[in-house]
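The values are calculated or read from the model by the stated rules, or taken from the named source; none is laboratory data. The structure presented is a predicted model; accordingly, all values stated were derived computationally and were not measured. Methodologically, a virtual Cβ is constructed for each residue, glycine included, from the backbone with ideal geometry; neighbour enumeration extends over all protein chains shown.
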Amino acid sequence: MRVCGNSQRKNRGAQGFHDFSVAVRRFSWFLLAVPLPRRPRTFHDQGWIRPVYFVLLTTHTILAVVIVPMILVTLRRAWLGKFDRHRIIARWTLPLWFYVSVTGVIVYLMVYQIYSAANVKP
């Protein structure tokens, strides 16, 4: 699969659209092929780390919902060439996006790797 710029895509016509649709189908198949957990996981540890986990989880979840429209607006303003307005929202979007990305990995590690039911002492 080739990645190409907008001008190349316009010149290629139907072939460019075909390449894009094939890429979308492959990505969708990948998402459906990944096995999901059979039951929801819970945080099993007790003590001072439990409130830390829930603060991270709560802020991650709320900001993950908020960041999606911010990303779309930021990208749209850049695409349309409105860079003065793009910079205004991008100053907020990028740090929030980094925070959501990092806390997502931390929450995953805390639930599935570090403090999973198998690793918790009785």
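May I ask you to list pairs of residues, at least six apart or on different chains, whose Cβ atoms are under 6 Å apart, with the first in segment 89-118 being within 27 Å of ASP45 (Cα to Cα) and the second being at pLDDT below 95 and among the acidic types (Asp, Glu)?
Pairs that qualify, where the first residue is within 27 Å of ASP45 (Cα to Cα) and the partner is at pLDDT below 95 and among the acidic types (Asp, Glu), are TYR115/ASP45.
Residues checked against (1) surrounded by 12 or more Cβ atoms within 10 Å (Cβ to Cβ); (2) modelled with pLDDT of 85 or more; (3) among the β-branched types (Val, Ile, Thr); (4) out of contact with any strand residue (DSSP E or B) (no Cβ under 8 Å at 6 or more places or on another chain):
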{"position": "GLY16", "(1), (2), (3), (4)": "yes, no, no, yes"}
{"position": "PHE20", "(1), (2), (3), (4)": "yes, no, no, yes"}
{"position": "PHE27", "(1), (2), (3), (4)": "no, no, no, yes"}
{"position": "HIS44", "(1), (2), (3), (4)": "yes, no, no, yes"}
{"position": "GLY47", "(1), (2), (3), (4)": "no, no, no, yes"}
{"position": "ILE71", "(1), (2), (3), (4)": "yes, yes, yes, yes"}
{"position": "ALA90", "(1), (2), (3), (4)": "yes, yes, no, yes"}
